[in-house]
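The values are calculated or read from the model by the stated rules, or taken from the named source; none is laboratory data. Nothing here was measured: the structure is a model prediction, and the numbers come from that model. Please note: Cβ atoms are built from the backbone with ideal geometry, for glycine as well, and neighbour counts cover all protein chains shown.
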Amino acid sequence: MRDLVIIGGGPAGMSAAIAAYESGIRDILILERDAQLGGILQQCIHNGFGLHNFGEELTGPEYAWKYEKQVRQLGIERKLNTMVLDLTEDKVITATNSEEGIFQIQAKAVILAMGCRERSKGALNIAGSRPAGIFSAGTAQKFINMKGYLPGKNVVILGSGDIGLIMARRMTLEGAKVHAVCELMPYSGGLARNIAQCLDDFGIELKLSHTVVEIHGKDRVEGVTIAKVDENRKPIAATREYIPCDTLLLSVGLIPENELSKAANVNLCRTTNGAVVDQDRQTSVPGIFACGNVLHVHDLVDFVSQEAEIAGKAAAEYVNQVQEASANIPLTTDGKIRYTVPQVITKKKDVTVYFRVGDIYKNVKINVFDGEKLVLSRKRPKVAPGEMESITIKAEQLEAATQLHFALEVM
Amino acid sequence: MYDVVIIGAGVVGGMIARTLSKYDLQICILEKENDVAMGATKANSAIVHAGFDAHEGSLKARLNVRGSQMMETVCRELGVKYINNGSLVIGFDEDDRATIQALYQRGIENGVAQLRVVDKAALKQLEPNISDNAVCALVAPTGAIVCPYDLTIAAIGNAMDNGAELKCNFSVENIQKTENGYKVFSCNDCVESRFVINCAGLYSDKIAAMIGDDSICVHPRKGEYILLDKECGNLVSHTIFQTPSKMGKGILVSLTVDGNLLLGPTSVDIQDKENKNTSEEGFADILEKAQMSLQAIPGGKAITSFCGLRAVGNTGDFIITAPQKGFIHTAGIESPGLSASPAIAEYVTNMLKDNGLTLTEKAGYNPIRVSSHAFREASMEEKNRMIREEPAYGRIVCRCEGVTEGEILDAIRRNPKATDLDGVKRRTRAQMGRCQGGFCSPYIIELLAAQLQIPYECVTKFGGASTINIGKTKGGQLQ
């Protein structure tokens with residue numbers, strides 16, 4: 001029996017482990033499928049990580065190392081090259097590695113920190129042939145940054161998620177020509193700063209309301225046909241345009257990897273594709289917590305670390321059976337605000353609620369209602385789907401609350 | 001000098017090679033692609049048809065029914081997944097009911113066992129998710145499903161384990177008659193054999209023309225498919241056909257042996273034998289017609305789409321002939337070619353015997369092949385024993401499908417050896433899951449490069465010019 005097992009040794013898992021240790025528990029085990037800690041940060045060699053938490057611009061590996069150093073100093077146990085195969089509602093973990101084979105661990109508490117994956121081409125149903133040269137942006141990033149190989153020289157990118165934007169710049173720096181970044185929506189899903197630093201600074205065109213409609217080439221990609229889309233996101237035939245290229249990169253969304261959560265009967269949220277959690281990041285299964293991109297896709301790793309601290313601390317309290325007065329305040333949204341994390345508040349203490357909006361809005365108020373009563377209201381000059389927003393609710397504002405509704409009002 | 005050269009490593013060539021490998025013969029399989037099962041075998045409906053479809057007395061009917069009877073044993077010996085899920089042909093009106101009755105009669109004539117026609121209520125019991133518009137169905141309990149490339153890889157692997165040779169990237173350019181047989185040339189190689197069997201699928205007419213036989217004409221008929229996520233696999237249990245009509249053969253909905261749901265195929269006659277492009281019209285057509293069979297098809301759960309080319313002959317039947325001494329054609333092997341393949345192999349073996357080939361059973365012939373899925377299907381104790389012997393079985397490479405490094409190494413080392421990314425995919429399912437190789441392909445390339453002793457950037461997706469990387473980054477050699 002272990003006190004706390006953390007599935008995943010990326011930024012979420014490491015930060016959760018440190019927070020749990022600092023909250024007083026010692027029997028902590030991190031299970032990491034890769035050969036090293038750090039998760040996806042290891043291949044993110046660009047800078048820009050850590051501005052919020054450390055006040056400096058770190059690379060991904062540098063940011064990860066800040067946490068790994070602490071994990072090592074605290075002597076927190078970790079098993080590398082270890083893949084978790086199954087998790088039950090009773091918190092029995094089945095995992096495998098070369099040294100121990102397939103083994104089981106009973107945990108008192110579990111933190112899910114498995115991260116997310118990229119949406120693949122198959123889900124898009126793009127017409128045409130199926131040659132080599134089609135990659136998700138993160139796979140290309142791994143080839144270039146981890147393996148030292150270049151997947152192509154003439155590139156079209158579909159989707160303007162952050163990894164796609166980062167890779168537009170990265171491939172340009174490696175001598176490739178990025179001919180266009182096509183985005184189906186009329187706005188980018190990436191951070192404004194990435195559009196400026198990765199596309200604008202390199203003269204790469206962002207084609208909004210465009211998509212790839214056909215892939216050409218027998219052995220290797222020889223070109224793609226792109227087209228503008230109408231307001232229903234349907235391609236307009238008259239705008240079809242052929243671009244010769246040898247590579248198509250896809251950056252069309254990230255999906256939390258919740259296969260283990262499903263195995264453990266954790267309730268999932270249809271909007272985030274992650275678990276439904278309370279303010280402690282505890283899921284519907286008592287003692288199973290979730291944090292980081294497995295819970296909802298974050299824009300900045302700094303917020304992943306912050307969220308994981310909450311989960312780590314709460315998991316330690318769960319192990320130590322610290323009980324607090326219980327409440328049950330569900331959080332709902334108006335649709336313009338797509339979701340909140342947490343989705344439910346069970347303890348009446350100060351809580352920061354994170355959320356994303358479904359479109360670009362300027363000069364808005366975020367209003368939080370309890371029934372008809374306005375609990376609080378915060379102004380924002382601009383909100384966009386690519387940027388995570390947050391709002392803090394004070395304990396006293398929760399005192400009389402029975403449910404909280406989040407609504408966006410354009411002023 | 002070989003005794004038998006087989007041109008084409010599809011399911012027909014593979015099953016013939018395996019059947020012949022039990023005899024004391026020197027056998028060589030020639031394949032123009034970088035791997036086996038790359039033509040019509042790779043992309044089709046994966047159905048073992050019961051045999052009520054082909055006309056009474058045709059070779060198609062006879063070999064379909066016989067092949068369907070043989071298939072379960074063949075799959076068991078080769079460690080290939082075979083599920084006897086049964087087939088349904090559903091009808092929506094009185095015209096369909098008449099056609100279904102005719103299919104029933106034809107099936108009886110063809111010798112298909114256990115056929116019956118059921119009404120709406122019984123149909124609903126068999127398939128609760130079937131469309132409310134379906135009024136009757138032909139039930140064929142002997143219908144089954146199998147994975148066509150798994151079967152072909154296993155058949156050729158078993159033939160090779162029993163001594164047959166395989167030459168990939170051998171595109172036959174010319175054939176010369178010699179005193180004792182034939183010389184078969186590629187652009188840079190030549191093999192000589194007493195007997196030649198033409199199993200070249202779409203190109204079997206081209207091979208026939210090389211020996212001066214212009215009687216065969218094969219054209220491609222395009223079939224597009226959509227594959228849905230495993231979470232849709234429980235919507236049906238049978239393979240569900242629509243009643244063929246003047247409007248076409250309809251769209252089938254079927255479970256696959258791996259638990260996905262398969263929708264398709266479209267049916268469009270084309271000219272270009274290399275055109276395997278999917279189309280926007282194809283997707284729309286499949287989804288629209290498949291919706292007729294089930295109450296709801298979750299089109300949004302598509303994980304991939306693909307296109308196959310059926311090799312349609314000019315006689316309406318399979319063309320299995322011996323146009324001259326020592327040469328046998330198997331041409332126009334469209335549906336039910338997969339179902340018939342074990343019987344085609346038996347039939348061709350008898351033709352060879354009639355043509356003067358001596359068949360002496362070989363000592364030490366082993367019909368059994370260890371399944372590609374052996375590790376996956378083992379008990380936890382057995383898996384742990386295997387991990388202790390080979391630690392690579394403890395390292396998961398493909399996280400979505402749970403494929404280990406050990407299984408990938410097996411795929412690269414066992415007959416017929418995988419030499420590219422798609423070859424590993426077909427043998428292990430690595431890269432076939434939700435992320436479609438996003439996470440694991442860089443690592444599989446590393447394993448392929450190390451095992452094949454080739455540079456990382458030379459590893460391909462499916463041979464030829466399908467390289468994954470074009471060279472090292474600026475930090476390396478590429479400038």
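Among the residues in region B:378-389, are any in contact with a helix residue (DSSP H, G or I) (Cβ under 8 Å, 6 or more places away or on another chain), charged (D, E, K, R), under 24 Å from B:Ala164 (Cβ atoms) and at pLDDT 95 or above? The answer is no, given that none of the residues of region B:378-389 is in contact with a helix residue (DSSP H, G or I) (Cβ under 8 Å, 6 or more places away or on another chain), charged (D, E, K, R), under 24 Å from B:Ala164 (Cβ atoms) and at pLDDT 95 or above. Residue count for region A:136-181, restricted to those that are free of Cβ contacts under 8 Å to residues at least 24 places away in the same chain and in contact with a Pro (Cβ under 8 Å, 6 or more places away or on another chain): 3. Within region A:240-254, residues that are within 12 Å of chain B (Cβ to nearest Cβ) sit with their Cβ atoms under 7 Å from residues that are surrounded by 24 or more Cβ atoms within 10 Å (Cβ to Cβ) and hydroxyl-bearing (Ser, Thr, Tyr), at 6+ positions apart or across chains, in these pairs: A:Leu250/A:Ser136; A:Ser251/A:Ser160.
Residues in region A:1-17 that are modelled with pLDDT of 95 or more, surrounded by fewer than 21 Cβ atoms within 10 Å (Cβ to Cβ) and not basic (Lys, Arg): A:Asp3 alone. Based on this model, can you work out whether A:Gly161 counts as within 14 Å of chain B (Cβ to nearest Cβ) and within 21 Å of A:Gly386 (Cα to Cα)? Yes; evaluated as a whole, the condition is true for this residue.
Residues of region B:265-284 being within 13 Å of chain A (Cβ to nearest Cβ), touching a residue at least 40 places away in the same chain (Cβ under 8 Å) and not aromatic (Phe, Trp, Tyr), which ones? Don't jump to the end; show me each part of the working.
Just the residues of region B:265-284 that are within 13 Å of chain A (Cβ to nearest Cβ), to begin with: B:266, B:272-284.
Within this subset, residues satisfying the condition of being touching a residue at least 40 places away in the same chain (Cβ under 8 Å) are B:266, B:272-273, B:275-276, B:278-279, B:282-283.
Scanning region B:265-284 gives B:Thr266, B:Asp272, B:Lys273, B:Asn275, B:Lys276, B:Thr278, B:Ser279, B:Gly282.
The set of residues in region B:245-300 being hydrophobic (A, V, I, L, M, F, W, C), assigned to a loop (DSSP other than H, G, I, E, B) and under 30 Å from A:His216 (Cβ atoms) consists of B:Ile251, B:Ile270, B:Ile297. Within region B:87-100, one or more residues are surrounded by fewer than 24 Cβ atoms within 10 Å (Cβ to Cβ), under 15 Å from B:Phe241 (Cα atoms) and among the basic types (Lys, Arg). Checking the conditions here, which among B:Ala164, B:Ala154, B:Ala200, B:Ala134 is assigned by TED's automatic domain parsing to the domain that holds B:Gly300 and at pLDDT 95 or above? None of the others qualify; the one that does is B:Ala134. Restricting attention to region B:255-288, the residues being charged (D, E, K, R) and farther than 21 Å from B:Tyr203 by Cα number 5.
Take the conditions outside any loop (DSSP other than H, G, I, E, B), under 26 Å from A:Thr82 (Cα atoms), of a type in the set (Gly, Ala, Ser) and at the interface with another protein chain (Cβ under 9 Å from one of its Cβ atoms) and apply them to B:Ala392. Does it pass? Step through it out loud before you land on a result.
Details: outside any loop (DSSP other than H, G, I, E, B): yes; under 26 Å from A:Thr82 (Cα atoms): yes; of a type in the set (Gly, Ala, Ser): yes; at the interface with another protein chain (Cβ under 9 Å from one of its Cβ atoms): yes.
Yes.
Residues of region A:80-104 that are more than 10 Å from chain B (Cβ to nearest Cβ) and crowded, with 18+ Cβ neighbours inside 10 Å: A:Leu87, A:Lys91, A:Ile93. Taken over region A:183-222, the residue count meeting the criterion of being at positive phi and away from chain B (no Cβ under 12 Å) is 2.
Within region B:449-471, how many residues turn out to be without any contact (Cβ under 8 Å) to a residue 12 or more places away in the chain and touching a Ser or Thr at 6+ places or on another chain (Cβ under 6 Å)? I'd like the intermediate steps shown before the answer.
Looking only at region B:449-471, we keep the residues that are without any contact (Cβ under 8 Å) to a residue 12 or more places away in the chain, and these are B:449-450, B:453-455, B:458, B:465, B:467.
Within this subset, residues satisfying the condition of being touching a Ser or Thr at 6+ places or on another chain (Cβ under 6 Å) are B:467.
Counting residues in region B:449-471 that are without any contact (Cβ under 8 Å) to a residue 12 or more places away in the chain and touching a Ser or Thr at 6+ places or on another chain (Cβ under 6 Å) gives 1.
Evaluating B:Asp420 against the criteria (1) buried (at least 21 other Cβ atoms within 10 Å of the Cβ); (2) more than 23 Å from the chain's Cα centre (by Cα) leaves one unmet condition, (2). Is there a residue in region B:346-365 that is more than 14 Å from every other protein chain (Cβ to nearest Cβ), out of contact with any Gly (no Cβ under 9 Å at 6 or more places or on another chain) and part of a strand (DSSP E or B)? Yes - at least one qualifying residue is present in region B:346-365.
Does B:Phe195 fit the bill of being under 29 Å from B:Lys289 (Cβ atoms) and among the aromatic types (Phe, Trp, Tyr)? Reasoning before the result, please.
On the way: under 29 Å from B:Lys289 (Cβ atoms): no; among the aromatic types (Phe, Trp, Tyr): yes.
In short, no.
Among the candidates A:Phe369, A:Phe355, single out the residue that is among the aromatic types (Phe, Trp, Tyr), assigned to a strand (DSSP E or B) and closer than 30 Å to A:Glu22 by Cβ.
On the way: A:Phe369 fails: closer than 30 Å to A:Glu22 by Cβ.
Of the residues listed, the single one that is among the aromatic types (Phe, Trp, Tyr), assigned to a strand (DSSP E or B) and closer than 30 Å to A:Glu22 by Cβ is A:Phe355.
When A:Ala107 is tested against the conditions (1) in the same structural domain as A:Ile45 (by TED's automatic domain parsing); (2) free of Cβ contacts under 8 Å to residues at least 60 places away in the same chain, the lone failure is (2). Among B:Ile445, B:Ile454, B:Ile412, which is at the interface with chain A (Cβ under 9 Å from one of its Cβ atoms) and modelled with pLDDT of 95 or more? Criteria check complete, one pass: B:Ile445.
From the list A:Lys177, A:Lys147, A:Lys153, which one is of a type in the set (Lys, Arg), within 12 Å of chain B (Cβ to nearest Cβ) and surrounded by fewer than 18 Cβ atoms within 10 Å (Cβ to Cβ)?
Values: A:Lys177 fails: within 12 Å of chain B (Cβ to nearest Cβ); A:Lys147 fails: surrounded by fewer than 18 Cβ atoms within 10 Å (Cβ to Cβ).
Just one listed residue meets the conditions, A:Lys153.
Could you check how many residues of region B:71-110 are under 25 Å from the mean Cα position of the chain (by Cα) and in a loop (DSSP other than H, G, I, E, B)? Qualifying residue count for the region: 6. Scanning region A:371-392 for residues that are out of contact with any strand residue (DSSP E or B) (no Cβ under 6 Å at 6 or more places or on another chain), farther than 14 Å from A:Gly189 by Cα and either of a type in the set (Lys, Arg) or crowded, with 17+ Cβ neighbours inside 10 Å (or both) yields a count of 1.
Residues to consider are A:Phe54, A:Phe49; find the one that is surrounded by fewer than 19 Cβ atoms within 10 Å (Cβ to Cβ) and either within 14 Å of another protein chain (Cβ to nearest Cβ) or modelled with pLDDT of 95 or more (or both). Being surrounded by fewer than 19 Cβ atoms within 10 Å (Cβ to Cβ) and either within 14 Å of another protein chain (Cβ to nearest Cβ) or modelled with pLDDT of 95 or more (or both) holds for just one of A:Phe54, A:Phe49, which is A:Phe54. In region A:326-343, the condition of being modelled with pLDDT of 95 or more, assigned by TED's automatic domain parsing to the domain that holds A:Ile30 and charged (D, E, K, R) is met by no residue.
Taking region B:138-185 as the region of interest, how many residues are part of a loop (DSSP other than H, G, I, E, B) and within 25 Å of the chain's Cα centre (by Cα)?
If we filter region B:138-185 for residues that are part of a loop (DSSP other than H, G, I, E, B), which is where we start, we get B:141-143, B:147, B:162-164, B:168-173, B:178-181.
Subsequent filtering for residues that are within 25 Å of the chain's Cα centre (by Cα) retains B:141-143, B:147, B:162-164, B:168-173.
The number of residues fulfilling the criteria is 13.
Test each condition in (1) more than 16 Å from B:Glu127 (Cβ to Cβ); (2) surrounded by fewer than 21 Cβ atoms within 10 Å (Cβ to Cβ) for B:Asn234 and report the one that comes out false. Of (1) more than 16 Å from B:Glu127 (Cβ to Cβ); (2) surrounded by fewer than 21 Cβ atoms within 10 Å (Cβ to Cβ), only one is false for B:Asn234: (1). Filtering B:Gly438, B:Gly463 for residues that are at the interface with chain A (Cβ under 9 Å from one of its Cβ atoms), part of a loop (DSSP other than H, G, I, E, B) and within 24 Å of the chain's Cα centre (by Cα) leaves a single hit, B:Gly463.
Restricting attention to region B:425-453, which residues are over 25 Å from A:Ile40 (Cα atoms) and either crowded, with 24+ Cβ neighbours inside 10 Å or of a type in the set (D, E, K, R) (or both)? Those that are over 25 Å from A:Ile40 (Cα atoms) and either crowded, with 24+ Cβ neighbours inside 10 Å or of a type in the set (D, E, K, R) (or both): B:Arg426, B:Arg427, B:Thr428. Residues in region B:15-70 that are of a type in the set (A, V, I, L, M, F, W, C), in the same structural domain as B:Leu166 (by TED's automatic domain parsing) and not in a loop (DSSP other than H, G, I, E, B): 8 in all.
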